[in-house]
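The values are calculated or read from the model by the stated rules, or taken from the named source; none is laboratory data. Values in this document were obtained by computation on a predicted structure and should not be read as measured data. With ideal geometry, Cβ positions are generated from the backbone for all residues, glycine too; neighbour counts draw on all protein chains shown.
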2 protein chains.
Amino acid sequence: MRETILSETVLNETIPATILLIDDHPLLRKGVKQLIELDDELKVIAEASNAIDGIKMAKETEPDLILLDLNMPNINGIETLKMLRDEEVASRVIVFTVSDNEEDVVAALKAGADGYLLKDMEPEELLASLHQAALGKVVISDKLTTLLAQALQSGRSSNKSDISSLTPREKQIIKLIAGGLPNKLIARKLNITEGTVKVHVKHLLKKLHLRSRVEVAVWAVQEGLR
Amino acid sequence: MRETILSETVLNETIPATILLIDDHPLLRKGVKQLIELDDELKVIAEASNAIDGIKMAKETEPDLILLDLNMPNINGIETLKMLRDEEVASRVIVFTVSDNEEDVVAALKAGADGYLLKDMEPEELLASLHQAALGKVVISDKLTTLLAQALQSGRSSNKSDISSLTPREKQIIKLIAGGLPNKLIARKLNITEGTVKVHVKHLLKKLHLRSRVEVAVWAVQEGLR
DNA sequence: TCTAAAATACCTCTTTATAGGTACCACTTT
DNA sequence: AAAGTGGTACCTATAAAGAGGTATTTTAGA
């Protein structure tokens, strides 16, 4: 695949690592792309502004690295990551986001991310991290290492509240709880009986290891469920 | 201040609107700056990664526009905006953020923002909005207009939950509610009886025009009470 | 197609939460 | 001194929430 190179020492020839950007913010993509252009060992070969396009491009271009935003409309980053894995995309996926939330970090790594970098990092650090990532290393922003260590040592990685275990109905009810609705109104809204709502609440409390709907509401808000 | 221009029709001479970027993400700044460079009616003359530097630079450079991020460490965007106003900086301040949260939008505009743009907008739209802003127009992302209309018509701007009417004890209890504690545990923690906690809860519910502790918890979390 | 998971409904029982009232005390403002 | 505010306490009564169980129907996966 390597193209012919004119009048250049063959020994100095570097094959740039190819990168796909998936982020719904055009401006951010622009900034990252411009930064990466300064580095001849890295090359942005494709961009996408949503999960669907991103996955399509990943399959078409087979990049070495995928920089993936977490906070995207419709399909979020974690889901996108899982879909990429399902599609057997071989690229190394680096989550690139503003969220230094422990849940997000753990979820991303559990879902098989090969790195987790924060958008507020210095440009030089980002390039350095991408180099490492291209070499097969798992890269994590310095800020997060302490956080991760705590998460692991306190065993929270196994018993933390995990949205992935919830059924669609349960997620739906969580959002309504976070909206402050009592069971009776939730029932009316969903055209089911209050008793049934209680069953769902009971189940989701158990799954999330939470003690009350107040904790559910707080959790949901902090988790950014909408 | 206008520099000498060589061999150019004087009639076509445009004085670019000067812009100061305040955002803690270097990459985003990079992207925006690159975009603005394409437009010779706009010019980034300074950048800052935090509120303190931003305010200093605003006073030094007196830009026409300030693009201000909301989500910054230490001092957030709204506070920064207020500080700019206190310092009597004459620049038009455009909030530029990812948050399409109603509270944020309303808070920003109440604090005197001259615009509120979302980071996920298209580059062309951003440039167009900045042109409008430079002409003195208040620019709001299209996405937000519906939201704003609702906020105003439902009168939420005037009778929204206001923390200032709360007593210290009530604020304290709100934080504990948001921590998911039931009245009994709150009582233990504060060394008062559960009955007394109930009275406080009752009062604060009335003051905040909220219907349940769940709504209180959600409100507190979104309000960032800690 | 068979099966397991999900969603639904109804039951009882206990605990929490909310609303209303009265009352006392300390402190500040008028 | 009187009035107001904030914090405390106790009372009754109702509403809501949560835990336990059983059971039927749909839906989706193997």
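Structure values in brief
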{"read-out": "Count - residues of the stretch B:181-202 that are within 9 Å of DNA strand C (Cβ to nearest atom) and in contact (Cβ under 8 Å) with a residue 24 or more places away in the chain", "value": "2"}
{"read-out": "Residues within the stretch A:167-195 that are more than 9 Å from DNA strand D (Cβ to nearest atom), in a helix (DSSP H, G or I) and among the polar types (S, T, N, Q), tallied", "value": "1"}
{"read-out": "Residue in the stretch B:185-194 that is modelled with pLDDT of 85 or more, more than 14 Å from chain A (Cβ to nearest Cβ), touching a helix residue (DSSP H, G or I) at 6+ places or on another chain (Cβ under 6 Å) and crowded, with 17+ Cβ neighbours inside 10 Å present", "value": "yes"}
{"read-out": "Answer from B:THR61, B:THR80 - the residue that is out of contact with any helix residue (DSSP H, G or I) (no Cβ under 8 Å at 6 or more places or on another chain) and among the hydroxyl-bearing types (Ser, Thr, Tyr)", "value": "B:THR61"}
{"read-out": "Residue list for the stretch B:31-53, filter: surrounded by 20 or more Cβ atoms within 10 Å (Cβ to Cβ), assigned to a helix (DSSP H, G or I) and within 14 Å of chain A (Cβ to nearest Cβ)", "value": "B:GLY31, B:VAL32, B:LEU35, B:ILE36"}
{"read-out": "Residue match in the stretch A:7-18 (condition: at pLDDT 90 or above, surrounded by 13 or more Cβ atoms within 10 Å (Cβ to Cβ) and in a loop (DSSP other than H, G, I, E, B))", "value": "no"}
{"read-out": "Given (1) farther than 27 Å from A:LEU109 by Cα; (2) more than 10 Å from DNA strand C (Cβ to nearest atom); (3) aliphatic (A, V, I, L, M), number of the condition A:VAL216 does not satisfy", "value": "(1)"}
{"read-out": "Residues (more than 14 Å from every other protein chain (Cβ to nearest Cβ) and touching a Leu at 6+ places or on another chain (Cβ under 8 Å)) located in the stretch B:54-75", "value": "B:GLY54, B:ILE55, B:MET57, B:ALA58, B:THR61, B:PRO63, B:LEU65, B:ILE66, B:LEU68"}
{"read-out": "Verdict on A:LEU28 being under 17 Å from the mean Cα position of the chain (by Cα), part of a strand (DSSP E or B), assigned by TED's automatic domain parsing to the domain that holds A:LYS137 and at pLDDT 85 or above", "value": "no"}
{"read-out": "Qualifying residues in the stretch B:206-216 (those that are part of a helix (DSSP H, G or I) and at pLDDT 85 or above) - the one farthest from the other protein chains (Cβ to nearest Cβ)", "value": "B:VAL216"}
